[in-house]
Structures are given as structure tokens and as C-alpha cells.
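Trainee: One structure follows; several queries about it will come next.
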Amino acid sequence: MATNLKVYVNTGSLDSPLGSSGVEFTEISTANDYLVESNGSDVVKDGEAIPTDTQLNQAGVVIDEVVAVVVPKYFLADISANLLREIHNMGNTIKRYVFAFDFDGVTATEPVLELWDDSDLDTVALFSLGNGTPSNSWWKGVVTTDSAPSPDWAGSALAGNSDGHFLQLNNGNGALIGAKTLYCNIKIVVPAGASQGGADNPIWAVKWTSN
């Protein structure tokens, strides 16, 4: 029997596992929902309707010529509800329970998270993915399945499937021997003097093989 996966994001403020009392995880519709990265504004905030491109641009992160900028706010664009849900614990935090990958059975290989340009899963030419150089990706990730990240964690630069540029979601402990929820945190770091904005959303791909 094939193992199934559901992906959730913590849209509350409690840093507790999926299914805990009082914690607010929202299941992501992988066919429709998407992430919004922003400085935030009066209309780009938790509980507001999904903003227009103009509103998003007005609340965009400003590139600094001298220092790298860590994106401060992240949202799930919940298409079915037509609203933004802030992912309060996502980013440069020591929070553990942010993205939850809920597997209902065993796997033959360790599940991994990769970021790609599109659903062909063969290129990483998006500017925010390093423009073809994975180590320059703005997207940083850390596995939190076993423990919370340290303050100001560096994480892995995520782009494609080359060594060091994807996440082993079971923290390198191998295939799943039963149902298990795996966790990670993600942040975006815009390099100093970046020559253009990163108005793109890479495809997130969770890969594993079944028995």
C-alpha cells in the first residue's frame, strides 16, 4: 500500500507539534495555495484578502546595497478561503514546528525536500534559487524533526538536488519505519546589492520511494 503525504504549515503562534491542543496548523492545498514573502503592510497581513500584485509590490522587501536582508514576514495564500494566513514562526527564528510533512506509513527511502524552477524538476535558473548556482540560493532551510534550530541558523541553501542543497527531512536517519511527521523551517535571505527582486515562487518537491 502506497504511503501518503499531507503537508501543513503552522499558522498560529504556538510552537507545538501537529495535532497538539491549541496549535493551529493549516493543510496546504499543493495544487492551489502558495507562499507570500513580504515586509507586510495594512493590507498584506494576517486575515486580509489575498492582495493584488500592486499591493504586494508596495509591501515588498527592500534590497540593501551593503548588507543582506532577511525577509521578515511570511504568509500562506489560502486560495479556498481567499485570505492570507501569517506563518508567524517561519523565518530566522528558533521555532521548530513550522512546516509539517505528515506521512501515514513506511517509506523505502528518506523523504527529501527540494526546490526547483517548475514542475519539470530539472532546472534552478530562478533568480532567487541562485540563477543556476545552488549555493547562491536565497532560500535557506533547516530540518527540525529532532530539535529546534539554533539562533540565527545558517541552514542549507536550497536549490535542486545537488549535495547540500536539499533537506533530508528525517534528519539523516533514513527511511520511515512507520507513520511519522517530519518538520522544517525555511527563511529567505536577500543578498546585499541583489540586481533584481525575487518575485517568483519555486516549486517545492517532497520525494521518497515506497516499498
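Trainee: Which ones in segment 1-26 are assigned to a strand (DSSP E or B) and either closer than 15 Å to ALA148 by Cβ or β-branched (Val, Ile, Thr) (or both)? Please lay out each step first, then the result.
Mentor: Within segment 1-26, the first condition is being assigned to a strand (DSSP E or B), and the residues that meet it are 5-10, 25-26.
Within segment 1-26, VAL7, VAL9, ASN10, THR26 meet the criteria.
Trainee: Quick check on GLY197: is it farther than 18 Å from THR93 by Cα and modelled with pLDDT under 95? Even if it seems obvious, please write down each step before you answer.
Mentor: Values: farther than 18 Å from THR93 by Cα: yes; modelled with pLDDT under 95: yes.
Taking the combined requirement at face value, the residue satisfies it.
Trainee: Which one is farthest from ILE186 (Cα to Cα) among residues in segment 105-119 that are among the charged types (D, E, K, R) and surrounded by 15 or more Cβ atoms within 10 Å (Cβ to Cβ)? Before the answer, list the steps.
Mentor: Looking only at segment 105-119, we keep the residues that are among the charged types (D, E, K, R), and these are 110, 114, 117-118.
Next cut, surrounded by 15 or more Cβ atoms within 10 Å (Cβ to Cβ) only: 110, 114, 117.
On the way: GLU110: 19, GLU114: 12, ASP117: 17 Å.
The extreme case among them is GLU110.
Trainee: While we're looking at this one, here's another question. Would you tally the residues in segment 134-160 being in contact (Cβ under 8 Å) with a residue 40 or more places away in the chain, among the hydrophobic types (A, V, I, L, M, F, W, C) and surrounded by fewer than 18 Cβ atoms within 10 Å (Cβ to Cβ)? Give the derivation first.
Mentor: Of segment 134-160, the ones in contact (Cβ under 8 Å) with a residue 40 or more places away in the chain are 136, 138-144, 147-153, 158-160.
Checking the rest, the ones that are also among the hydrophobic types (A, V, I, L, M, F, W, C) come to 138-139, 142-143, 148, 153, 158-159.
Subset that is surrounded by fewer than 18 Cβ atoms within 10 Å (Cβ to Cβ): 148, 153.
Looking only at that region, the number is 2.
Trainee: Identify, by number, the condition in (1) under 18 Å from ALA205 (Cα atoms); (2) touching a Lys or Arg at 6+ places or on another chain (Cβ under 9 Å); (3) among the hydroxyl-bearing types (Ser, Thr, Tyr) that SER147 doesn't meet.
Mentor: Among (1) under 18 Å from ALA205 (Cα atoms); (2) touching a Lys or Arg at 6+ places or on another chain (Cβ under 9 Å); (3) among the hydroxyl-bearing types (Ser, Thr, Tyr), SER147 violates only (1).
Trainee: Could you tell me which residue of segment 162-184 is farthest from the chain's Cα centre (by Cα), considering only residues that are farther than 20 Å from TRP116 by Cβ and part of a strand (DSSP E or B)? Before you say what the answer is, go through the steps one by one.
Mentor: At the first step, the residues of segment 162-184 found to be farther than 20 Å from TRP116 by Cβ are 170-181, 183.
Imposing the further condition that a residue be part of a strand (DSSP E or B) reduces the set to 180-181, 183.
Numbers: LYS180: 19, THR181: 16, TYR183: 10 Å.
Residue satisfying both the conditions and the ranking: LYS180.
Trainee: Determine, yes or no, whether VAL98 is surrounded by fewer than 20 Cβ atoms within 10 Å (Cβ to Cβ) and at pLDDT 95 or above. Spell out the reasoning first.
Mentor: Values: surrounded by fewer than 20 Cβ atoms within 10 Å (Cβ to Cβ): no; at pLDDT 95 or above: yes.
No: the conditions fail for VAL98.
Trainee: Go through segment 120-161 and give me each residue that's of a type in the set (Ser, Thr, Tyr) and either closer than 16 Å to ILE188 by Cβ or under 13 Å from the mean Cα position of the chain (by Cα) (or both). If you could, list the steps in order and put the result at the bottom.
Mentor: Pass one, segment 120-161, residues of a type in the set (Ser, Thr, Tyr): 123, 128, 133, 135, 137, 144-145, 147, 150, 156.
Selection gives SER128, SER135, SER137, THR144, SER156.
The values are calculated or read from the model by the stated rules, or taken from the named source; none is laboratory data. Owing to the predicted nature of the structure, the values given are computational and were not obtained by experimental measurement. Note that we place each Cβ from the backbone using ideal geometry, even for glycine, and neighbour counts take in every protein chain shown.
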